[in-house]
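Note sheet for the following structure.
The numbers here are math on the coordinates, done by the rules we state, and not lab data. Just so it is clear, the model here is predicted, and its values are computed rather than measured. A quick note on method: Cβ atoms are made from the backbone with ideal geometry, for glycine too, and the neighbour counts reach across all protein chains shown.
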Amino acid sequence: MATVTQKRQIGVGGLKISARARQYVMNVLDSNRLSIGKYVHTFEAKFARLHSRRFGVMANSGTSALQVALAAMKEKHGWQDGDEVIVPAITFIATSNIVLYNHMKPVFVDVDPLTYNIDPGRIEAAITPRTRAILPVHLFGLPCDMDPIMEIAVKHNLAVLEDSCETMFVHYRGRPVGSFGEAACFSTYVAHILVTGVGGLTLCDDPDLAVICRSLIAHGRDSIYLDIDSDDNLTDNDLRDVIERRFSFVRLGHSFRPTEMEAALGLAQLEEYEKLLEGRQHNARRLTEGLKDLEDELQLPVIPEDREHAFMMYPITVKRPGLRNDLVAFLEDRGIETRFAFPLLTQPVYQKLFKLDMRNFPVADRIGKNAFYIGCHQELSDEDIDYVVEAFHEFFKRGRMV
Ligand SMILES: Cc1ncc(COP(=O)(O)O)c(C=O)c1O
């Protein structure tokens, strides 16, 4: 095993731009075309197909993808301002922010202590006459327990929007993550599984919903003209129609368009996604193997038998209360990057907005105080992982001596 005297840099994310990615970006530059075109459409179609979806709409971030997906669902179903959306009590803040930006109300539900995902057993208690949707989040790379969530949704006539910003390419009971709800959104931000700098996708099967999303990322434009190719090869009345309607805005939209360069990077990585996924899963297995003897101290990630884990991150809960921050400082001092595991409800902005009592969210409260994550991305070597394992052991050995 490596020794911790030699300091490495173990980031939560890692990226190597491949020769293929360089080539695709050069192709974009050589084509002199940066706005949505061939690369965006190919990336969308391939990503959608991999997740058993008919349509993909690329946006400039996962947050934008979620924002327009919920807005499109709100428009399609005629939901009202103030209607409610069920959201897990542990997630990245963008999940619930987009509910607020859509003038709807996030209703928080506690999570499962082992998977960190929304606890389906607690959802029904949060449903009111104004509930319209459930927004499960597949956190850290692990799909939620989707069957009971979908059953509750059907029983109460609720829509489901999957926040899959942290999880792609893996299956729950044989079905791809992101193929369950009316729509599912993904992020390709830095440190995610595919990395395009900024970027996100909404997937869905309803062509009308896809068109509304496309319109919403382009200022709410009339669907007759959603990118600059829309008037190509048209003549006579068809051309006149486009000319008359292409500067028409039919809903309140945003400027959320990606460029061809993000899509070129995404497509190059998509073409080797199995390698990226296997690298993460290998590193996670090696971490679990190496840390197993510390299970009295650490709760390591679980992978329920009915699903796969994409391991965007490697989450850990420290069992002894009050020890997490010392451990995290010790790891950071050795170049091992960490993040707290998404305490959401105690964020200053949410405390001000909601004034929630954490006693109503005991699991989220414990995770917020005691959990964190480290990286296990494909650019880390076996020696890097051994270095991390050794650092954990050194911390607990020292702890025992005092
Ligand atoms: C669960 C979750 N939802 C939404 C987002 C937002 O994605 P982006 O950063 O691409 O806007 C993230 C990103 O970190 C996330 O982890």
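A few remarks follow.
- Over the stretch 19-270, relative contact order from alpha-carbon pairs under 8 Å, at least 6 apart, %: 27
- Burial order of peptide ranges 122-128, 110-116 (average beta-carbon count within 10 Å, highest first): 110-116, 122-128
- Note on the stretch 71-200: Cα Rg divided by 2.2 N^0.38 Å, N the number of residues, gives 0.99.
- Highest average first, the peptides 14-26, 178-190 ordered by how many other beta carbon atoms sit within 10 Å of their residues are 178-190, 14-26.
- Computed from the alpha carbon atoms alone, the convex hull of the stretch 273-401 holds 142 Å³ per residue.
- For the stretch 19-270: lysine pairs under 29 Å (alpha-carbon distance), excluding those fewer than 8 apart on one chain: 9
- Under 5 Å, built H, 5+ apart or other chain: amide partners of Thr131: Glu84
- Distance from the C-alpha centroid of the stretch 201-279 to that of the stretch 124-160: 28 Å, rounded to the whole angstrom.
- Most fluctuating residue given options Pro258, Pro120, Pro321, as computed from a GNM of the chain linking Cα atoms under 10 Å: Pro321
- Whole-number Å³ per residue for the convex hull built on Cα positions in the stretch 1-79: 204
- The stretch 201-294 gives an Rg/Rh value of 1.26, both radii derived from C-alpha positions and Rh following Kirkwood.
- Note on the stretch 339-381: percent of Cα-Cα distances in each 5 Å bin, starting at 0 and stopping at the bin with the largest distance, equals 5, 22, 22, 18, 12, 7, 7, 5, 2.
- Where only C-alpha atoms are counted, convex hull volume of the chain per residue in Å³: 145
- Hz values of 3J(HN,Hα) by residue in the stretch 183-197 - Karplus curve (6.51, -1.76, 1.60), Gly and Pro given as x: 8, 9, 10, 10, 10, 10, 5, 3, 6, 8, 6, 9, 10, 10, x
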